[in-house]
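The values are calculated or read from the model by the stated rules, or taken from the named source; none is laboratory data. Predicted, not measured: the structure shown is a model, and the values here were computed from it. FYI the Cβ positions are ideal-geometry reconstructions off the backbone, even for glycines, and counts take in every protein chain you see. Remember, those area values only see protein heavy atoms, side chains included, never the ligands or the DNA or RNA. Shrake-Rupley method; radii C 1.70, N 1.55, O 1.52, S 1.80 Å.
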Amino acid sequence: MRMMMKARMDTQMSNEVTKGGTMPDSLKSTIERLKPEAAYFTPEGGRSMILVFDMQDSSQLPSIADPFFQEMGAEVTFEPVMNLDDLQRGLAALK
């Protein structure tokens, strides 16, 4: 299922990770593992990241979110999303 993950990182904790030099490695590891179709970074609410990726099973939630909780005190949300092709298939099924 296509999933959108938003991670809003605690400013003080993410400052420490950034100063310690581990922020690039943490982000690279997440990107390599999830292989998102899109990755966005924004200052919304502090340091924030939005990833759109394919989640195979809900049991992946802890392993995806926990590093952000532990390393950066992040608030992490997940939301199922569709692209235009998905929406069109869903609407066609209503007929």
Next item on the list: Identify all residues within the range 25-59 that are open to solvent by less than 30 Å² (accessible area, probe 1.4 Å) and touching a residue at least 40 places away in the same chain (Cβ under 8 Å); write none if there are none.
Entry: SER26, SER48, MET49, LEU51, VAL52, PHE53, MET55
Check: Of all residues in the range 1-24 being aliphatic (A, V, I, L, M) and more than 13 Å from MET49 (Cβ to Cβ), which is surrounded by the most Cβ atoms within 10 Å (Cβ to Cβ)?
Finding: MET3
Next item on the list: Determine whether LEU87 is free of Cβ contacts under 8 Å to residues at least 60 places away in the same chain, in contact with a Phe, Trp or Tyr (Cβ under 9 Å, 6 or more places away or on another chain), open to solvent by 40 Å² or more (accessible area, probe 1.4 Å) and not charged (D, E, K, R).
Entry: no
Item checked: Failed criterion for GLN70 (all others in (1) within 10 Å of the chain's Cα centre (by Cα); (2) open to solvent by 80 Å² or more (accessible area, probe 1.4 Å) hold) -> (1)
Item checked: Enumeration of residues in the range 61-94 that are under 18 Å from MET1 (Cβ atoms), in contact with a strand residue (DSSP E or B) (Cβ under 9 Å, 6 or more places away or on another chain) and part of a helix (DSSP H, G or I) -> LEU61, ILE64, ALA65, ASP86
Note to self: I'd like the residue in the range 51-76 that is closer than 19 Å to THR18 by Cβ and of a type in the set (D, E, K, R) and, out of all such residues, is modelled with the highest pLDDT.
What the structure shows: GLU75
